[in-house]
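Worksheet for the structure shown next.
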Amino acid sequence: MKKFLHSKFFKLIVSLGVAALFFLICPPCFSKTTLGIILGVLLIMINGSQFFSKYAIITHIPRFLVGGLFIFSGWIKANDTIGFGYKLEEYFEVFKEATGWGMFDSLAHIAQPFATIICISEMALGFMLLIGVFRMITLWLLMLQIVFFTFLTFYSACFNKVTTCGCFGDFLVLTPWTSFWKDIALLFLITLCFVGKENINPLFSRSWINNGLVALFVVYTVWFPIYTFRNLPVKDFRAYAPGKSICDGLKPGPNFKPAVYESRFLYKNLKSGEKKEFTDKTMPWQDTLNWVYDSALGSVVITPEVDGPKIVDFSLTDADGNSITDSILNLKGYNFYIVYWNLDKAEEDAVVHAKINDFYELCKKNNVPINALTSSSADRINDFKHKHQALYDFVSADGTVLKTMIRSNPGLMLVKDCKVVANWHYNNWPSFTEVKNEHMK
């Protein structure tokens, strides 16, 4: 029996069975012909392992591509651990809405530590693949990780749920379908590493050198995302990064073209019971003898936006609901934003709030405008001001925008003539004198 389980015939039967299952459950949003090609290529790789493993170069090229890309992708995510956590939380909330499973709600609550673990594992696994140590566990974990991400990107692309994948953070924003095909390419490459695993050997002959390098790299992969979580991204790729103009970010680029959408509907055939998808231009609303309306499927992007604004939904309102966006953005000279994207989740440390209150008093004394931005309700703002003796004014803004502005709750942003000069995490809240001497010249 054991011999049979390790035979080529058994591997062929299992691989064909799994491929057939994926082919049968293929949703309508994806071409079965395309899926058949993908599965066919994977079947050839898996069942032709003896041929592919003969040529070491077929293993080493994918090995270095996968290793390098995983290290880079993990570093980019770890550079903005909080942002990646927001993206995972968005995925889990979408899955919870679609399935109703409480498991996804639980995962959404631990999205941040989960994001940190993924960042660490991506960088560590990529490095171990390059070094050639712990070969089998490295390959299996890489395969499980790419299958997980392929599922996420396919679901968001197929059902138009999450518009960007977060694979490379704000450094490189990919559409769900682009990210899905990137994951398919990685799936092919990791499969080639698997079938040629005998060609993957430790880089150095002495094991203590390999293990020592891995240990040092793992220490770095653990330290780096924790550092960026407790501070701010080392390299800021967002539209609110120091040196960038918020006003310019609100404007479309010179080659701007708006997105083109198409509404889709589901109709049921009265004779066969078949359900078929139609667009707003092709729906058979006049053919009442054969078709009846079933449900709306929503809008689908036919042509994505080109060169659109880098900043959207930036809107500020006062306590009375009046728009004050232009008046704040057009302030001349230096001014500060204290960003609280959610007061319920803000840092509660009394020392931090004492620093903020002192900072506000010195801003007031030096006639430098300062406003607190939040998405929380008026009642919550009043409770917060009373609890922390906060005398500064609050203005309302979209929570997603505030989370994007600065990865800290609260965070401090210095702006001059609509251009971001600098920003600070609450763990590094500066003194007014320090900011004045270093940045307000």
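Rule-based calculations on the coordinates, nothing more; no lab input. Predicted model only: the values in this text are computed from it and were never measured. Note that we place each Cβ from the backbone using ideal geometry, even for glycine, and neighbour counts take in every protein chain shown.
Brief remarks follow.
- Among 84, 377, 328 - extreme Cα towards positive end, dipole of the chain, charges at beta-carbon: 84
- If the segment from residue 178 to residue 323 were pulled out straight at 0.36 nm per residue, it would be longer than the present Cα-Cα gap by 48.4 nm.
- The relative contact order of the stretch 238-323, computed from alpha carbon pairs under 8 Å that lie at least 6 residues apart in sequence, is 38 percent.
- Cα gyration tensor, the stretch 28-230 - rounded (a/c under 1.5), prolate or oblate: oblate
- On Cα atoms only, tilt of 8-24 relative to the major axis of the chain in degrees: 50
- For chymotrypsin sites (Phe, Trp or Tyr not before Pro), the sites in the stretch 209-270 that DSSP calls loop and that have at most 14 other Cβ atoms within 10 Å are 256.
- Sequence-distant contacts, meaning Cα pairs under 8 Å at least 6 residues apart, place the relative contact order of the chain at 14 percent.
- Options 178, 99, 140, ranked by Cα towards positive dipole end of the stretch 95-184, top entry (Cβ charges): 140
- Where both bridge residues fall in the stretch 325-439, DSSP classifies roughly 60% of the beta bridges as antiparallel.
- Mean separation of Cα contacts under 8 Å, 6 or more apart, over the residue count of the stretch 289-441: relative contact order %: 29
- The Kirkwood radius of the stretch 325-439, taken over pairs of alpha-carbon atoms, gives through the Stokes-Einstein law at 20 °C and 1.002 mPa s a diffusion coefficient of 151 µm² s⁻¹.
- Dipole in debye (nearest 20) - the chain, about Cα centre, beta carbon charges: Lys, Arg +1; Asp, Glu -1: 1820
- Taken about its Cα centre, the stretch 253-321 carries a charge dipole of about 480 debye when Lys and Arg each add +1 at the Cβ and Asp and Glu each add -1 at the Cβ.
- Highest-MSF residue in the chain out of 70, 204, 180 [GNM, Cα springs under 10 Å]: 204
- Stretch gain in nm, segment residue 292-residue 349, where the contour uses 0.36 nm per residue and the Cα spacing is subtracted: 14.6 nm
- Added length on full extension, which subtracts the Cα-Cα distance from 0.36 nm per residue, residue 24 to residue 428: 140.0 nm
- The stretch 33-47 and the stretch 314-393 have Cα centres separated by 56 Å.
- Here the stretch 28-230 is assigned +1 on the Cβ of each Lys and Arg and -1 on the Cβ of each Asp and Glu. Its dipole about the Cα centre then comes out at about 600 debye.
- Karplus-derived 3J(HN,Hα), 6.51/-1.76/1.60, for each residue of the stretch 292-308, Hz, glycine and proline x: 9, 5, 10, 6, 8, 9, x, 9, 10, 6, 8, 10, x, 5, 10, 6, x
- Reciprocal mean inverse distance between Cα atoms of the chain - Kirkwood radius, Å: 25.5
- Neighbour counts of other Cβ atoms within 10 Å put 156, 375 in the fewest-to-most order 375, 156.
- For the pair residue 237 and residue 208, label points projected 7 Å from Cα toward Cβ lie 4.0 nm apart.
- A helix-only calculation puts the chain at -17000 deg cm²/dmol for mean residue ellipticity at 222 nm, using -39500 (n - 2.57) for each DSSP H run of at least four residues, averaged over all residues.
- Of interest is the spacing of the C-alpha centroids, which for the stretch 205-219 and the stretch 82-156 amounts to 25 Å.
- Cβ-based charge dipole, the chain, positive-most Cα from 423, 395, 202: 202
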